[in-house]
Amino acid sequence: MLTALRTPKLLTREVLAGLVVALALIPEAISFSIIAGVDPRVGLFSSFVMAVSIAFLGGRPAMITAATGAIALVIAPVARDYGLDYFIATVILGGVFQVILAILGVAKMMRFIPRSVMVGFVNALAILIFTAQLPHLIGVPWLVYPLVAAGVIVMVLMPRLTKIVPAPLVAIVLLTAVTIVTALNVPTVGDQGELPRSLPELFFPQVPLTWETLQIIAPYALAMALVGLLESLMTAKLVDEITDTHSRKTREAWAQGAANMLSGFFGGMGGCAMIGQTMINVKASGARTRISTFLAGVFLLVLVVGLGDLVSIIPMAALVAVMIMVSVATFDWHSIRPATLKRMPVGETIVMVATVAVVVATHNLAIGVIVGVLAAMIVFTRRVAHFATVERTLDLDAPAPTAFYTVTGELFFASSNDLTTQFEYADDPERIVIDLTGSHVWDASTVAALDSIATKYHRLGKHVVIEGMNEASTRMHGRLAGTLGGGH
């Protein structure tokens, strides 16, 4: 960040990136306010407070946090059924939950999200960003279409000429100038909702501090906390990959909570990391530091409160063009190439498609990611379950005729369920040796399966010896054997 402050070229890039993001935030914050069923100022103030506070507190530089559609969808029922005070109380409690979850180490759970879910998440986001623009493209004057096309062309060609000025900013300025000069009658930012004229003020929700209030708002607040953290941490991971840098996920998690609490106390609607705006900032504009995040919030307030009349005449077509370019840049096109699909294991592709399908169907990124992770777990479990093998050899010439069973592979609930069926209980001699040198006992299901095998042999008057277990397996077996009721 200090390098950017000392280098005029880098600083210019960060400042202009912040300006582009602020312009793109305005219509989104207004439309998310409408989704949540609250006044546009609630979404706009929330975006300002969150962007500025995350710039200081957050763990992932250059990531944009503001009011989001995902959060708006989750907590919209509170505003509809109970009013604004309960709605703001939900936002504040959601922030408290996020801080608690951060302290409990929920950010470290991110490593359990497989790459196929990540790719599905990114592709689903690209589709959602694109479909969110459709209302601005359907049932509008025909002039909107050439304007959007012109905006896209500017953003494709502009980076080839110069990267000093972000292409989206050029597109917005050019299209606004064209609509003013030619007096085109097309939808503008002002049509989305009235912009506030005053600065945000401290706001304390007037709700009774009772158990009943908590019962109303806690489920929504917890859902908001989980969706917000999931989306923010996934976005942070994505920015890490794009910029080849590392970010502090636990710090980002509690910072999201703090930002939501601050947002609530200033009458804002709460939010999380915004993938679309972050992509504008990091990919389209090339920003890399906290300066762009901070200035996005500052510019947003200046534009809305000070230059509201100017901002309200920006044609929606310009912002739609920016978001279409963002969705194209966000989508992982490599993941759907026939060559990639041919090389990828079928299970991985199914996980990615399941993640995309659920996110697009529910418009909820958290549900999609959870379904994707569950699908990935099932695919992994099925794959690993076939790794356990049992080989039987007989030594009938020994003083006591013996059946040797050599078990190899990982023994856990999926693979050990078949274990009991691979022994010749009736045909085996009186002594049985089960050799586990080449395997590992992972869970209680396996111990129960071994108990069950031993019990079946005992019923037939035969003696079982289990040998070759490694230290961890011996501990697990010693602690649980005979206590699980396996076949007793």
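Per DSSP H run of at least 4 residues, take -39500 (n - 2.57); add these up for the chain, divide by its residues and hand me the 222 nm value, nearest 500 deg cm²/dmol.
Details: 20 runs with 296 residues, N = 488.
Calculated mean residue ellipticity at 222 nm is -20000 deg cm²/dmol.
From the Cα gyration tensor of the stretch 53-193, with a ≥ b ≥ c the square roots of its eigenvalues, which class applies: rounded if a/c is under 1.5, or else prolate if a/b is larger than b/c, or else oblate?
Working: a/c = 2.20, a/b = 1.54, b/c = 1.43.
Prolate is the answer for the stretch 53-193, as a/c is 1.5 or above and a/b outweighs b/c.
Normalising by the residue count of the chain, find the relative contact order in percent from Cα pairs under 8 Å and 6+ residues apart. Present the calculation step by step, with values, prior to reporting the outcome.
Details: 885 pairs, mean separation 119.3, N = 488.
Worked out over the chain, it gives 24 percent.
Provide the gained length on full extension for the span LYS108 to MET1, in nm with one decimal, where the gain is 0.36 nm per separating residue minus the Cα-Cα distance. Could you put the intermediate results ahead of the total?
On the way: separation 107, 0.36 × 107 = 38.52 nm, distance 2.61 nm.
Extending this stretch completely gives an extra 35.9 nm.
Compute the distance in nm between two label points, each set 7 Å from the Cα along the Cα-to-Cβ direction, one at ALA361 and one at THR131.
For the pair ALA361/THR131, the computed spacing is 1.1 nm.
What shape does the stretch 429-488 have by the C-alpha gyration tensor, where a ≥ b ≥ c are the square roots of the eigenvalues, rounded means a/c under 1.5, and otherwise prolate means a/b greater than b/c and oblate the rest? Walk me through the numbers on the way to the answer.
Values: a/c = 2.50, a/b = 1.29, b/c = 1.93.
Taking the square roots of the gyration eigenvalues as a ≥ b ≥ c, the stretch 429-488 is oblate.
Based on the Cβ-Cβ distance of THR243 and HIS386, what FRET efficiency does E = 1/(1 + (r/R0)^6) give at R0 = 41 Å, to the nearest 0.05? Working shown, then result.
Numbers: r = 40 Å, r/R0 = 0.97.
Efficiency computed from Cβ-Cβ geometry: 0.55.
State the percentage of accessible surface on the chain attributable to carbon and sulfur atoms; use a 1.4 Å probe and exclude ligands, DNA and RNA.
Numbers: 14800 of 22130 Å².
With neighbouring chains kept in place, the figure for the chain is 67 percent.
Using 7 Å Cα-to-Cβ label points, what is the LEU307/ARG80 separation (nm, one decimal)?
3.7 nm
Sorted by average packing, counted as other Cβ atoms within 10 angstrom per residue and highest first, what order do 151-164, 360-373 take? Numbers along the way, then the final one.
On the way: 151-164: 14.7, 360-373: 19.4.
With the highest mean Cβ count within 10 Å placed first, the list reads 360-373, 151-164.
Once each part is reduced to its C-alpha centroid, what is the distance from the stretch 108-126 to the stretch 360-407 in angstrom?
24 Å
Any chance you could give the angle, 0 to 90 degrees and rounded to 10, that helix 144-161 forms with the longest Cα principal axis of the chain?
It works out to around 80 degrees.
Taking amide hydrogens as modeled 1.01 Å from N in the peptide plane, which residues meet the under 5 Å criterion relative to ASP332, leaving out close sequence neighbours?
The answer is ASN123.
Can you classify the stretch 138-290 as rounded, prolate or oblate using the Cα gyration tensor, where a ≥ b ≥ c are the square roots of its eigenvalues, rounded means a/c under 1.5, and otherwise it's prolate if a/b beats b/c and oblate if not? Mind showing how you got there, number by number?
Numbers: a/c = 2.65, a/b = 1.48, b/c = 1.79.
Here the stretch 138-290 falls in the oblate category.
Please report how many Lys pairs in the chain have alpha carbons closer than 18 angstrom, counting only residues at least 8 apart along the chain or sitting on separate chains.
Values: LYS9/LYS163; LYS9/LYS283; LYS108/LYS237; LYS108/LYS249; LYS163/LYS283; LYS237/LYS249; LYS237/LYS283.
Qualifying lysine pairs in the chain: 7.
Pop out the ³J(HN,Hα) list for the stretch 271-283 in order, Karplus 6.51 cos²θ - 1.76 cosθ + 1.60 with θ = phi - 60°, rounded to Hz; leave Gly and Pro as x.
Those phi angles translate into x, 7, 5, 9, 4, x, 5, 5, 5, 4, 5, 8, 8 Hz.
Going by Cα centres, the stretch 1-78 and the stretch 177-242 are how many Å apart?
Each part's Cα centre sits 9 Å from the other's.
For the stretch 173-185, in order, what is each residue's ³J(HN,Hα) by Karplus, 6.51 cos²θ - 1.76 cosθ + 1.60 with θ = phi - 60°, in whole Hz (x at glycine and Pro)?
Working through the residues one at a time gives 5, 4, 5, 5, 4, 4, 5, 6, 5, 8, 6, 6, 9 Hz.
With every protein chain kept in place and ligands, DNA and RNA left out, what is the accessible area per residue of the chain? Probe 1.4 Å, answer in Å².
Using a 1.4 Å probe on heavy atoms only, each residue of the chain averages 45 Å².
For the chain, compute the orientation-averaged projected area of the C-alpha convex hull (one quarter of its surface), in nm².
Details: hull surface 120.4 nm².
Projected area, direction-averaged: 30.1 nm².
What is the magnitude of the charge dipole of the chain about its Cα centre, with +1 placed on the Cβ of each Lys and Arg, -1 on the Cβ of each Asp and Glu, and no other charges, expressed in debye to the nearest 20? Walk me through the numbers before you get to the answer.
Working: 31 positive and 31 negative charges, 299 e Å.
The dipole magnitude comes to about 1440 debye.
The values are calculated or read from the model by the stated rules, or taken from the named source; none is laboratory data. Nothing here was measured: the structure is a model prediction, and the numbers come from that model. Glycine gets a Cβ as well: all are built from the backbone with ideal geometry, and neighbour counts include every protein chain shown. Accessible surface areas use protein heavy atoms only, side chains included; no ligands, DNA or RNA. Shrake-Rupley method; radii C 1.70, N 1.55, O 1.52, S 1.80 Å.
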